[in-house]
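*Asks:* This is the structure I want to talk about, given as structure tokens.
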Amino acid sequence: MKNLAFRSVVLCALLLQGLLVWGQTGAIRGFVFDAVSNDPIPFATVVLEGEASGASTDFDGAFELINVPAGLRNVTVSFVGYETKTVYEIEVTPARPAVIRVGLTEQAVAIEAAEVVVERRATQAEAPLSVRSLGTNEIKRNPGGGRDISRAIRTLPGVAAIPSFRNDIVIRGGAPNENRFYIDGIEIPNINHFATQGASGGPVGMINVDLVENIDFYAGAFPAARGNALSSVLEFKFKEARTDEWTANLVVGTSDLGLTLEGPTGENSSLIASVRRSYLQLLFKALGLPFLPIYNDYQFKWTARPDDRNAITVLGLGALDDFELNLAIAEDTTADNYLEQVAILGFLDVQTQWNYTQGAKWDRYQDDGRWTFVASRNMLNNRAYKNADNNPDSTLLRDYVSREIENKFRAERRRTFPNGMEATYGLGAEYVKYTNSTLSQELDASNVLRPVEFSSAFKAWKYGAFANASQRIWDNRLTWSAGLRLDGSSAAEGLRNPLEYTSPRASLSWAFAPGWTWNANAGIYRQLPAYTILGFADAGGNRINAGSEARYLSNRQLVTGLRWESDATNRVISLEGFWKKYLNAPVSVNRGIALANLGADFGVVGNEAVTFDGVGRAYGTELLIQQRLNRGFYGLLAYTFVRSEFEQSEDEWVASSWDNRHILSMTGGKKWESGWELGARLLVSGGLPYTPVDPQSFAVDQWNYFGRPLPDYTQLNAERNGAFHQLDIRVDRKWFFERWSLDVFFEVQNATGAAVPQPPVNDVVRNPFTGAPILSDDPNFYDRRVLDPSAGTVLPALGIIVEL
């Protein structure tokens with residue numbers, strides 16, 4: 001019997017091994033088409049990178065590569081008269097064929113002339129520099145990123161490292177509200193849960209990476225069709241769902257559960273959709289943390305291609321977020337951190353927030369380009385409130401309820417001329433509704449608490465027009481681009497005239513040697529003040545920031561740099577320098593600081609009186625060395641030197657809250673054919689400045705209301721945190737079965753347990769049995785105590801992904 005049992009075990013092991021070995025190949029299917037006209041390209045050559053032969057497309061532009069080894073593969077597509085294109089990191093599994101669509105761009109010059117720059121990959125003429133691309137697998141495997149897109153882009157040059165649990169996107173010294181986001185050309189207002197209204201940050205990303213095909217990240221040289229951006233534009237491209245069969249993807253991530261489905265909805269249409277639910281609240285409750293974040297989200301993309309000349313896209317995403325207080329932790333007076341928990345519960349607000357974006361896009365292709373029509377609607381509902389003693393039946397200390405609604409339309413024409421010139425032009429309009437009900441108190445210029453209570457609402461139009469032209473000349477060696485944008489809004493008297501808010505821009509790209517280009521861009525970019533600013537009102541409901549003094553925030557940029565790129569080795573090296581000057585920045589009347597220094601916390605930015613006369617600047621340099629996946633290895637080194645400052649008085653500059661100065665990020669890894677993958681990321685960054693607390697904050701009346709100290713803005717960013725470093729490690733193991741695959745990953749954030757320097761935490765001395773503040777010898781003040789929050793915590797996480 002023992003021998004029989006032993007043989008059974010061996011047989012089962014062999015059968016399991018057979019399942020894992022048999023069928024370790026898959027297929028790649030796809031379509032190759034003209035990127036301008038959308039016409040199929042027959043007889044194009046499609047090969048796996050490094051292979052001598054592959055497949056050819058048929059008359060419909062379709063192809064299939066079979067017996068492709070499972071794993072991540074690069075595919076190169078070429079055709080006479082078109083620029084060769086490589087699609088990186090296509091995931092091949094035995095369970096289902098991978099499906100891709102590849103658009104090729106016609107070569108502007110004869111082949112013999114182009115041979116001078118055969119190593120140079122075609123770049124977008126309008127933005128020849130400051131543009132990086134991330135694929136879905138680069139985001140998924142990012143060590144310490146938790147499959148979060150906002151964290152993945154921190155590996156790129158120019159992106160600040162914020163040492164906290166938030167996803168604030170800070171680019172080249174700019175504020176978090178200076179970024180704009182698009183999915184398949186449809187604008188979305190924010191990409192994070194628990195968003196800070198008037199900014200863009202939040203603790204958890206809202207976009208499910210399983211729907212993302214790639215991201216184009218613009219840190220400068222913004223396209224004329226993308227308005228209202230000062231620091232970055234993120235162009236997300238969602239996957240186009242497969243049309244052959246329905247598949248599923250189940251993810252148990254580091255903070256949530258997710259389900260993604262995709263498949264055909266008709267002969268020429270398909271759908272990909274996902275839902276996610278967090279379990280962070282369960283983890284936080286088990287750890288005894290004072291707050292319980294709960295988030296849910298959904299997203300989908302439906303695509304219909306009735307013929308080669310038309311494509312219709314409908315997409316949507318939304319989130320429901322609740323930020324509850326864990327009041328149970330204040331019941332255990334014997335806990336070691338009892339007083340600290342009580343202190344946090346004393347100032348945290350309860351927050352509920354929901355938002356959605358729904359949009360539709362119609363691409364109408366023609367022989368010389370296409371028309372694109374986009375219509376969308378997005379809405380944000382945000383409430384934050386605080387009851388005395390956190391008792392819902394007690395006095396309401398503060399209550400903020402706001403709603404933003406935007407209805408948008410954009411018409412855009414892209415056209416290619418016989419002489420090689422390309423042009424983009426169009427116009428856009430938005431109808432906006434905003435409401436705000438505020439019950440609060442604030443400190444006036446004399447440091448005296450005064451009540452703030454108002455309700456306001458406005459409806460307004462936003463309108464703009466744009467045009468851009470570009471051309472390659474001198475045997476394709478020099479590319480020039482020039483564009484103009486005009487914007488206006490009826491939201492304030494001073495914003496109405498678009499001729500006052502013109503935004504010219506120009507770019508040059510010179511391919512002076514094989515693989516080498518020199519690139520430059522100059523432009524003026526503008527941003528509408530946040531609705532929280534334009535909607536702020538006095539007690540009578542009169543909007544006080546909506547007069548003739550209101551201005552678009554203006555940003556003037558100069559960027560130049562060198563780039564070397566090798567298709568043979570999948571390697572890129574670039575060096576760029578940038579300079580930005582801010583004008584008309586909103587400045588708080590009470591605090592006397594530019595609002596751009598705010599936004600890295602929960603709450604609202606801009607719900608106060610402002611002037612539009614702030615001046616700022618940011619400048620620096622960036623180095624990028626990138627090895628795309630090649631023979632199983634990949635890596636990225638990014639170094640940024642940046643200074644970010646605001647003018648405090650004439651010729652006196654003060655560091656902004658985003659002045660990191662030095663940021664070094666090194667990410668790399670190795671993939672083995674056996675399914676194992678090891679990756680690591682090392683971050684070294686200079687510390688951010690911070691503002692010391694105001695001693696007056698410990699006055700009894702102020703502390704009883706705010707529950708925490710307030711910054712002394714007369715010493716704006718006078719102190720600075722120390723430099724910090726963090727090492728993140730991730731290990732993946734993937735198994736391929738005949739009809740499904742399993743991916744298990746384990747990652748460790750801050751593997752060395754390095755302490756992250758933080759500003760000192762100021763609290764009041766408390767009664768150890770009740771947590772109540774204790775008066776000092778001066779009955780008008782509480783006694784003060786200072787804590788060091790710097791700590792090094794190792795955060796392990798385990799995740800499971802099942803693909804069916």
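*Asks:* How large is the direction-averaged shadow of the alpha-carbon convex hull of region 287-394, in nm²?
*Replies:* For the Cα atoms of region 287-394, the hull's average projected area reads 10.3 nm².
*Asks:* Full extension from residue 800 to residue 393: what is 0.36 nm times the residue separation minus their Cα-Cα distance, to one decimal in nm?
*Replies:* Length gained between residue 800 and residue 393: 142.2 nm.
*Asks:* When only C-alpha pairs under 8 Å and at least 6 residues apart count, what is the relative contact order of region 653-712, in percent?
*Replies:* Dividing the mean separation by the residue count of region 653-712 yields 30 percent.
*Asks:* For a quick check of understanding: with a 1.4 angstrom probe and all protein chains in place, what accessible area in square angstrom does residue 79 have, to the nearest ten?
*Replies:* Its accessible surface works out to 70 Å², give or take rounding.
*Asks:* Using the charge dipole of the chain (Lys, Arg: +1 at Cβ; Asp, Glu: -1 at Cβ; taken about the Cα centre), state which of 43, 144, 504 has its Cα farthest towards the positive end.
*Replies:* The listed residue farthest towards the positive side: 43.
*Asks:* If I take all pairs of Cα atoms in region 587-735, what percentage of them are more than 18 Å from each other?
*Replies:* 70 percent
*Asks:* Right, next: Within the chain, which is the longest segment that contains none of the trypsin sites (Lys or Arg not before Pro) sitting in a DSSP loop with at most 13 other Cβ atoms within 10 Å?
*Replies:* 1-630
*Asks:* Follow-up. Roughly how compact is region 230-337, stated as its Cα Rg over 2.2 N^0.38 Å to two decimals?
*Replies:* Rounded to two decimals, the normalised Rg is 1.56.
*Asks:* Still on this model: Which listed residue (768, 790, 744) has the Cα farthest towards the positive end of the charge dipole for region 664-804, taking +1 on Lys and Arg C-beta and -1 on Asp and Glu C-beta about the Cα centre?
*Replies:* 744
*Asks:* If you put +1 on each Lys and Arg Cβ and -1 on each Asp and Glu Cβ, how big is the dipole of region 698-804 around its Cα centre, in Debye rounded to 20?
*Replies:* The dipole magnitude comes to about 240 debye.
*Asks:* When the dipole is taken about the Cα centre of the chain, and only Lys, Arg (+1) and Asp, Glu (-1) are charged at their Cβ, what size is it in debye, to the nearest 20?
*Replies:* 1200 debye
*Asks:* Same structure again: Within the set of other residues whose C-beta is less than 11 Å from the C-beta of residue 660, count the net charge using Lys and Arg as +1 and Asp and Glu as -1.
*Replies:* With Lys, Arg at +1 and Asp, Glu at -1, the neighbours total +3.
*Asks:* Also, I was wondering about something else. Where Rh denotes the Kirkwood radius from the mean inverse Cα pair distance, what is Rg over Rh for region 660-804?
*Replies:* 1.21
*Asks:* Now for a different question. If you average 1/r over all unlike Cα pairs in region 750-804 and invert the result, what Kirkwood radius do you get in angstrom?
*Replies:* 15.0 Å
*Asks:* Among 225, 318, 330, whose Cα lies farthest out toward the positive end of the dipole of region 211-360, if unit charges sit on the beta carbon of Lys, Arg (+1) and Asp, Glu (-1)?
*Replies:* Result: 225.
*Asks:* Just to be sure I understand the model, the point goes 7 Å from the Cα along the line to the Cβ. What's the resulting residue 719 to residue 56 distance in nm?
*Replies:* 7.2 nm
*Asks:* In Å and from the alpha-carbon atoms only, list the Rg and Dmax of region 374-525.
*Replies:* Cα-based Rg and Dmax for region 374-525 come out at 24.4, 76 Å.
*Asks:* Over region 445-593, what number does the Rg to Rh ratio reach, with both radii from the alpha-carbon atoms and Rh per Kirkwood?
*Replies:* Using only Cα positions, Rg/Rh for region 445-593 is 1.16.
*Asks:* Once ligands and nucleic acids are excluded and a 1.4 Å probe is used, how much of residue 455 is accessible, expressed in Å² to the nearest 10?
*Replies:* 80 Å²
*Asks:* Right, something else. Over region 427-549, with the other protein chains present, what is the accessible area per residue in square angstrom, probe 1.4 angstrom?
*Replies:* With the other protein chains kept in place, region 427-549 gives 43 Å² per residue.
*Asks:* Could you tell me how far the Cα centroid of region 736-804 sits from the Cα centroid of region 151-215, in Å?
*Replies:* 22 Å
*Asks:* Rounded to the nearest 0.05, what FRET efficiency do residue 364 and residue 405 have when you use their Cβ-Cβ distance and R0 = 35 Å?
*Replies:* Plugging the Cβ-Cβ distance into 1/(1 + (r/R0)^6) gives 0.80.
*Asks:* Modelling each spin label as a point 7 Å along the Cα-to-Cβ direction, I'd like the residue 277/residue 742 distance in nm, to one decimal.
*Replies:* Those two pseudo-labels are separated by 2.4 nm.
*Asks:* How big is the charge dipole of region 354-403 about its Cα centre, in debye rounded to the nearest 20, if each Lys and Arg gets +1 on its Cβ and each Asp and Glu gets -1 on its Cβ?
*Replies:* That gives a dipole near 80 debye.
*Asks:* Given the Cα atoms of region 512-610, and with Rh set as the inverse mean 1/r over their pairs in the Kirkwood sense, what is Rg to Rh to two decimals?
*Replies:* Rg divided by Rh gives 1.22.
*Asks:* Figure the gain on full extension for residue 373 and residue 791 (residue separation times 0.36 nm, minus the Cα-Cα span) and round it to one decimal in nm.
*Replies:* 145.3 nm
*Asks:* How much length, in nm to one decimal, is gained on full extension between residue 649 and residue 433, taken as 0.36 nm per residue of separation minus their Cα-Cα distance?
*Replies:* Net length gain for the segment: 74.1 nm.
*Asks:* Go through region 616-673 and name the GluC sites (Glu not before Pro) that are in a DSSP coil and have 15 or fewer other Cβ atoms within 10 Å of their Cβ.
*Replies:* Filter output for region 616-673: 650, 673.
*Asks:* Sort 500, 138 by heavy-atom solvent-accessible area, probe 1.4 angstrom, most to least.
*Replies:* 500, 138
*Asks:* Given R₀ = 22 Å, what would the calculated FRET efficiency be for residue 627 paired with residue 662, taking r from the Cβ atoms and rounding to 0.05?
*Replies:* Given R0 = 22 Å and the Cβ-Cβ separation, E is 0.45.
*Asks:* How many percent of all Cα-Cα pairs in region 467-554 sit more than 18 Å apart?
*Replies:* Tail of the P(r) past 18 Å holds 58 percent of the pairs.
*Asks:* Now for a separate question. Could you tell me what a quarter of the Cα convex hull surface of the chain works out to, in nm² with one decimal place?
*Replies:* 37.5 nm²
*Asks:* Sorting 308, 788, 659 by accessible area (1.4 Å probe), largest first, what list results?
*Replies:* The ranking, largest first, comes out as 788, 308, 659.
*Asks:* Show that you can apply the helix-only estimate: for the chain, add -39,500 (n - 2.57) for every DSSP H stretch of four or more residues, divide by all residues, and state [θ] at 222 nm to the nearest 500.
*Replies:* Using -39500 (n - 2.57) per qualifying helix, the result is -2000 deg cm²/dmol.
*Asks:* Return the carbon/sulfur percentage of the accessible area of the chain, one whole number, probe 1.4 Å, all protein chains in place.
*Replies:* Answer for the chain is 58 percent, counting heavy atoms of protein chains only.
*Asks:* Let me ask something else. Let me check the size of region 124-182 from its C-alpha atoms; what are the radius of gyration and Dmax in Å?
*Replies:* When restricted to the Cα atoms of region 124-182, Rg and Dmax are 12.2, 37 Å.
*Asks:* Measure off 7 Å from each Cα along the Cα-to-Cβ vector at residue 673 and residue 752, then give the distance between these two points in nanometres to one decimal.
*Replies:* A separation of 3.6 nm, rounded to one decimal place.
*Asks:* Given a 1.4 Å probe and the protein chains all in place, what does the accessible area of residue 712 round to, in Å² to the nearest 10?
*Replies:* 20 Å²
*Asks:* Further question on the same structure: When ligands, DNA and RNA are left out and all protein chains stay put, how many square angstrom of accessible area per residue does region 720-764 have with a 1.4 Å probe?
*Replies:* Accessible area per residue, region 720-764: 43 Å².
*Asks:* On a 1.4 Å probe surface of the protein chains, which of 662, 193 comes out largest in accessible area, and what is the full order?
*Replies:* So the residues, ranked largest to smallest area, are 662, 193.
The values are calculated or read from the model by the stated rules, or taken from the named source; none is laboratory data. The structure displayed is predicted, hence computed values, not measured ones. Counting neighbours? That spans all protein chains shown, and the Cβs are built from the backbone with ideal geometry, glycine included. These accessible areas exclude ligands, DNA and RNA; they are computed on the full protein's heavy atoms, side chains included. Shrake-Rupley method; radii C 1.70, N 1.55, O 1.52, S 1.80 Å.
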